[in-house]
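Written out below as structure tokens is the structure these notes cover.
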Amino acid sequence: EAGVAQSPRYKIIEKRQSVAFWCNPISGHATLYWYQQILGQGPKLLIQFQNNGVVDDSQLPKDRFSAERLKGVDSTLKIQPAKLEDSAVYLCASSLERGSYTFGSGTRLTVV
Amino acid sequence: GQQVMQIPQYQHVQEGEDFTTYCNSSTTLSNIQWYKQRPGGHPVFLIQLVKSGEVKKQKRLTFQFGEAKKNSSLHITATQTTDVGTYFCAGQYGKLTFGQGTILTVHP
């Protein structure tokens, strides 16, 4: 089966600029997640979607981060404006209910 | 909130030595999952443990889930250079929470 697709792979932006990431999950996976992984740390959940509804966004910095999953398939994560501390790898994952997570290759964001 | 602690943070071994990483949760978990992340890569699912006291094996890897479903371990027998990477446990109680990982390096 095709994996989780993410783009772009790399992005360098200046602080206060905006950036958007895209994710296309595995076909049939109703649940989609966005994780932030700072270098040397484990992935931290930002937001979880079930179909096109938000299940958990308790750790999403809502003053600057937003995410949507229109039509319950692909998703976008946006940061506006970016801060230096947002430099990280942004991982998208999808799963069946209570199943294992399949991660995409991630987007490495560098904010300068 | 739920916390998952993992030790050690780093482990350097000679090829052929054994390796163990431990995971502890602040809350009782519905299941625990283990992932491996190669340098520059993304986390890849290894296994899921659901039952209290469960033990599962995958070739040289042995995974255990504690009786109280709050701790887990991963043991690799006779490490190989292909085992290098970061091993994460992830505990599920509602959402999946990752530990900080154990970075394994294997010297040939």
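Computed from the coordinates by the stated procedures, all read-outs in this text should not be read as laboratory data. Being a predicted model, the structure only gives us computed values, none of them experimental. For neighbour counting, all protein chains shown are included, and Cβ atoms are generated from backbone atoms with ideal geometry for every residue, glycine included.
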- Task: Name the single residue, out of those in the range A:93-112 being assigned to a loop (DSSP other than H, G, I, E, B) and more than 7 Å from every other protein chain (Cβ to nearest Cβ), that is surrounded by the fewest Cβ atoms within 10 Å (Cβ to Cβ).
- Result: A:Glu97
- Query: Of (1) farther than 22 Å from B:Thr97 by Cβ; (2) in a strand (DSSP E or B), A:Gln17 satisfies all except one. Which?
  - Reply: (2)
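For every residue, the table says whether it meets (1) among the polar types (S, T, N, Q); (2) in contact with a Phe, Trp or Tyr (Cβ under 7 Å, 6 or more places away or on another chain); (3) within 13 Å of another protein chain (Cβ to nearest Cβ).
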| position | (1), (2), (3) |
| --- | --- |
| B:Gln58 | yes, no, no |
| B:Thr62 | yes, no, no |
| B:Ser73 | yes, yes, no |
| B:Gln80 | yes, no, no |
| B:Phe88 | no, yes, yes |
| B:Gly94 | no, no, yes |
| B:Gln100 | yes, no, yes |
- Note on the structure: Taking the range B:4-45 and keeping only residues that are on the phi > 0 side of the Ramachandran plot and within 12 Å of another protein chain (Cβ to nearest Cβ), one is left with B:Gly40
- Message: So A:Gly53 passes all but one of these: (1) surrounded by fewer than 16 Cβ atoms within 10 Å (Cβ to Cβ); (2) touching a residue at least 24 places away in the same chain (Cβ under 8 Å); (3) of a type outside the set (A, V, I, L, M); (4) away from every other protein chain (no Cβ under 14 Å). Which condition number does it fail?
- Response: (2)
- Item | Flag if B:Phe65 is crowded, with 16+ Cβ neighbours inside 10 Å, in contact (Cβ under 8 Å) with a residue 40 or more places away in the chain and touching a strand residue (DSSP E or B) at 6+ places or on another chain (Cβ under 8 Å) | no
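Results for (1) at positive phi; (2) in contact (Cβ under 8 Å) with a residue 40 or more places away in the chain, shown as yes or no for each residue.
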position	(1), (2)
B:Gln48	no, no
B:Arg60	no, no
B:Ala78	yes, yes
B:Gly85	yes, yes
B:Cys89	no, yes
- Just wondering, is there one or more residues in the range A:78-92 that are within 11 Å of chain B (Cβ to nearest Cβ), of a type in the set (A, V, I, L, M, F, W, C), more than 16 Å from B:Thr97 (Cα to Cα) and assigned to a strand (DSSP E or B)? yes
- Query: In the range A:11-19, is there at least one residue being under 13 Å from the mean Cα position of the chain (by Cα), more than 11 Å from chain B (Cβ to nearest Cβ) and either surrounded by 19 or more Cβ atoms within 10 Å (Cβ to Cβ) or within 27 Å of B:Tyr10 (Cβ to Cβ) (or both)?
  - Reply: yes
- Message: Filter the range B:1-46 down to the residues that are hydrophobic (A, V, I, L, M, F, W, C) and either farther than 14 Å from B:Thr82 by Cα or without any contact (Cβ under 8 Å) to a residue 40 or more places away in the chain (or both) and list them by number.
- Response: B:Val4, B:Met5, B:Ile7, B:Cys23, B:Leu29, B:Ile32, B:Trp34, B:Val44, B:Phe45, B:Leu46
- Message: Looking only at the range B:68-108, count every residue that is exposed (fewer than 15 other Cβ atoms within 10 Å of the Cβ) and either within 13 Å of B:Gln2 (Cβ to Cβ) or under 14 Å from the mean Cα position of the chain (by Cα) (or both) and tell me the total.
- Response: 2
- Residue match in the range A:37-47 (condition: of a type outside the set (Val, Ile, Thr), surrounded by 13 or more Cβ atoms within 10 Å (Cβ to Cβ), in contact with a Pro (Cβ under 9 Å, 6 or more places away or on another chain) and away from every other protein chain (no Cβ under 12 Å)): no
- Tell me which residues, restricted to the range B:1-16, are more than 12 Å from the chain's Cα centre (by Cα) and surrounded by 14 or more Cβ atoms within 10 Å (Cβ to Cβ). B:Gln2, B:Gln11, B:Val13
